[in-house]
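Each value in this text was obtained by applying a stated rule to the coordinates, not by laboratory testing. This is a predicted model, so every value here is computed, not measured. Cβ coordinates were reconstructed from backbone atoms using ideal geometry, including for glycine residues, and neighbour counts include every protein chain displayed.
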Amino acid sequence: MADLARLDEYARLIVRVGLNVDRGQNLAITAYVEAAPLVRAVTRAAYEAGARFVDVWYVDEHVRKAMLELAPDEVIGWTPPWVLERHHANDVRGAALQITGHPDPHLMDRVDGDRLGRAQRREEAKVLLRQVDERLINWAIVAYPTGGWATEVFGEPDIEQLWEAILRAVRLDEDDPVEAWQAHVGRLTERARQLNERRLDAIRFRGPGTDLTIGLHETGAWKGAPEETSWGRTHVPNLPTEEVFTTPDARRAEGTVRSTRPLVVQGTVVEGLEVDFRDGRIVEVRADRGAEVVRGQVATDDGSKTLGELALVDGTSRVGQIGLVFFDTLFDENATCHIAYGAGFPDLIRAAEGVGREDLPALGVSQSTVHTDFMIGGPEIEVSGVEAGGAEVPLIRDDAWQLG
Amino acid sequence: MPDAERIDAYARLVLDVGLALEEGQTLEITTFPETADLARAVALAAYERGARYVDVWYEDEYVRKAMLEAGPDEVVGWTPPWQLERQRMVDERGASLSLNGHPDPHLFDDVDASLVGRSRKADLTKIKLDQRTTGKVNWAIVGYPTEGWARTIFGEPDVERLFDAIAHTVRLDEPDPVAAWREHVETLRTRARALDERRLDAIRFRGPGTDLTIGLHEGARWLSGAAATTWGLSHVVNMPTEEVFTTPNAWRTEGVVRSTQPLVTEGKLVEELEVRFEGGRVVDVKAESGADVVREQMEEDEGAKLLGEVALVDGTSRVGETGLTFFNTLYDENATCHIAYGQGFPANVGGAEGKAREELEAMGVSHSATHTDFMIGGPEVDVDGLEPNGGVVPLIRDDRWQI
């Protein structure tokens, strides 16, 4: 496939399946400046789908690094007011696309860990999390291959090989990618239905370095790929997506978990992460590398110390089959089971319906400006459902889905 | 000099001379994705000098093109409110850098010129012009080579050759560029003083296709590219700059003028532009290409049909020395004399500063959301000063400064 044709086809998939852009919608795209070719293709596809205005903001990690290293302390984590204004413009039925694919995953390696830990713009994160929570926007996160990212994955800047992997992960190698996505989304929806039927009380992960039990909400729901905005527009927030997920009871995580894949937090690679939970809260963070940036994030607020998401993925996932460590959460979380500390999704908990944001933590729904996924599944990890009576139901064994 | 080093030296020169950036300042940079290398170097050097915050906005011309080709008409020329808020971030003693270097000067060739003309974000330009013409910010416009731009000039994407040319025009090839700039700015100031002392009534341009007389204000001040902010910070607004300029009396331009260099505006190439003035107003616009984009701009508002600037440059200019047509106003206007339709600079006119829009118009100081320069000088064009009593003072002959 020629480069431009490939970009255009990817762009159309993003606009049709990921975002499902509606006629007359504004689309806000936030991307690394290195992703300009995809941004341009998506812009064109969005206008062709009837978008009213496509608003592009390019993030430059090199500029951000200079800020983190040299700027006065007061601007670390500061959100310029115009950034909020830009996002708020989307509150009324806007669409939003984020393009990942870090241009250089090691760029921030030598930046002071404490400043890096405070680098996230909280005011901005708050606005975006609210838009997602309240389903104000149809949004998606997709990836674009860069030289730095390819080097991280393959040891050399083989962008072509990374393209191949991404195309396979997002089913662009199918004759009719849109149709393939419809079938795939149906499968994930079925898994969510199976889990919802079981009304499990907890999920237990067991494997090397891991024995973690995560309590579930009585009125919690499992969900597969597609989302729906408050006005009924369906979209698929992650391309790729292989997960079914829920928001667990933030008060009921017990044990220890070891990450099974590296994760990149704000440009820093975290490896061999090990986290201890007691009464739902993170009480200790260890890592072979990058522990500080996780500790910085965990210290952000109350909710950053508790779990906001629990997701199940088995080895049949396209991402898992590719067999690569992508060093990018969007992909790696879809290769295997993962959990996220930080904000949960109140719309998954029936008991949280109509409850004010400030009252959610008391119901065990984590609230935070942070939401960081890390990967804890794999062939050596057994995943079981725990029923209210204590009986265990095998959910994943040898990396294969057991229900249904 | 290896590339990274040259980029870094250029970035520091931009901060030293162009912006004269101060500690604690917020700096906004507006640029293209294709010129990220210099934007990054400037951001880094700015933080090293104690900048509070550097906000880099990459405007994507290909995104704009997609909008013009496939977007609805209602958003053409619309500025999203956040972009206004962003620009206002530097209202209070901030710094503002326009870093150009078009990714492809021919990008909009196949787009309807009047559509391109309407796509300028008038609301954003208004804020920028206000900040810049009233000294609210220390600002500068600089350029950086891109492949597409180099291809337009040389027929091949020879970025290094373009960087060499740019380096010469901004005196980066001098052993001490900052000292060279100090001396150069002094030369321009001397020219401006000499013009002020003559108290000329008008400037006349004569050459092939050109016979234009531009009336000046009685209290006209000639200025150079060295400007000062309201709080007294000196900086150089264009790098390169070779001009001395004033804002003419907007109601006293008569005759016809033919451009001597192509002009790129709104990403559109305008060639062989010919403009006729009567009673200060543009009454006719012709061009070999791109006439529509100029006509659209002149429809913007009343002031867009009036002159806001007349600038004198002779053939000793560094830009002139390169012998290149850059297809970029920042450079080409510094190769030769030029005029601009649209917004004038109150600082050029005695008693005009701080005046409201209506008063300025009554005084004959053009007020507009547009300001577009085009080049009218060169070896074949004679420039004279006309004294109030009718005396004629040769200012430029054979492309050489005469006073």
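Counting every other Cβ atom within 10 Å of each residue's Cβ, B:199, B:93 order from fewest to most as B:199, B:93.
Does chain B come out rounded, prolate or oblate, given a ≥ b ≥ c as the square roots of the eigenvalues of its C-alpha gyration tensor, rounded meaning a/c under 1.5 and, failing that, prolate meaning a/b above b/c?
Numbers: a/c = 1.32, a/b = 1.20, b/c = 1.11.
Judged from the Cα gyration tensor, chain B comes out rounded (a/c under 1.5).
Overall dimensions of the protein assembly as shown, expressed as equivalent-ellipsoid semi-axes from the Cα gyration tensor (√(5λ), whole Å, largest first), are 59, 25, 23. Between the beta carbons of residue A:359 and residue A:391, assuming R0 = 30 Å, the FRET efficiency works out to 0.35 to the nearest 0.05.
How much of the DSSP beta bridge set in chain A is antiparallel, as a percent to the nearest 5? About 75 percent, rounded to the nearest 5.
Tell me, what is the FRET efficiency for residue A:400 and residue A:158 to the nearest 0.05, using R0 = 30 angstrom and their Cβ-Cβ distance as r? Provide the component values of the computation, followed by the final result.
Values: r = 31 Å, r/R0 = 1.03.
The formula returns an efficiency of 0.45 here.
The mean number of partner chain beta-carbon atoms within 10 angstrom of a residue's beta-carbon across peptide B:69-76 is 5. What separates the Cα centres of the stretch A:75-111 and the stretch A:325-388 is a distance of 22 Å.
Please give the residues of the stretch B:244-263, grouped as numeric ranges, whose backbone N is less than 17 Å from a label point set 7 Å along the Cα-to-Cβ vector of residue B:109. In the stretch B:244-263, the label zone of residue B:109 (backbone N under 17 Å from the point 7 Å along Cα→Cβ) covers B:262-263. Using θ = phi - 60° in the Karplus curve 6.51 cos²θ - 1.76 cosθ + 1.60, the 3J(HN,Hα) couplings for the stretch B:146-158 round to 10, 4, x, 5, 4, 5, 4, 7, 9, x, 8, x, 7 Hz; x is entered for Gly and Pro.
Take the Cβ atoms of residue A:130 and residue B:251, set R0 to 51 Å, and the FRET efficiency comes out at 0.40.
Shown for the protein assembly as shown: lysine pairs separated by 8 or more places, or found on different chains, whose C-alpha atoms are under 24 Å apart, numbering 24. Sorted fewest first by neighbouring Cβ atoms within 10 angstrom, B:234, B:224, A:317 come out as B:234, A:317, B:224. Centre-to-centre separation between the Cα atoms of the stretch B:236-301 and those of the stretch B:16-38: 28 Å. For residue B:287, the residues whose modelled amide H falls within less than 5 Å of its own, excluding neighbours fewer than 5 places apart on the same chain, are B:274. Taking the stretch B:349-364 and a reference point 7 angstrom along Cα→Cβ of residue B:91, the backbone N atoms nearer than 18 Å belong to B:354-357. Using a Gaussian network model of chain A in which every pair of alpha carbons under 10 angstrom is joined by a spring, one finds that among A:253, A:36, A:165 the greatest mean-square fluctuation is at A:36.
The string of couplings for the stretch A:204-219 from the Karplus curve (6.51, -1.76, 1.60, θ = phi - 60°) is 10, 10, 9, x, x, x, 10, 8, 10, 10, 10, x, 9, 7, 4, 9 Hz, one whole number per residue in order, with x for Gly and Pro. Using a Gaussian network for chain A with springs between C-alpha atoms less than 10 Å apart, which of these wobbles most: A:91, A:279, A:175? Greatest mean-square fluctuation among the candidates belongs to A:175. Among the DSSP beta bridges whose two residues both lie in chain B, what percent are antiparallel, rounded to the nearest 5? If we restrict to bridges inside chain B, about 75 percent are antiparallel. Using the Cβ of residue B:392 as centre and a radius below 9 Å, the other residues enclosed give a net charge of -1, where K and R count +1 and D and E count -1.
Assuming a ≥ b ≥ c are the square roots of the Cα gyration tensor eigenvalues, decide whether chain A counts as rounded (a/c under 1.5), prolate (otherwise, with a/b larger than b/c) or oblate. Rounded, since a/c falls under 1.5. Label zone (residue B:84, point 7 Å along Cα-to-C-beta; backbone nitrogen cut-off 17 Å) within the stretch B:56-70: none.
The string of couplings for the stretch A:3-15 from the Karplus curve (6.51, -1.76, 1.60, θ = phi - 60°) is 3, 5, 4, 5, 4, 5, 5, 4, 4, 5, 4, 4, 6 Hz, one whole number per residue in order, with x for Gly and Pro.
Just so you know, the Cα atoms of the stretch A:3-169 work out to an Rg and Dmax of 16.8, 46 Å.
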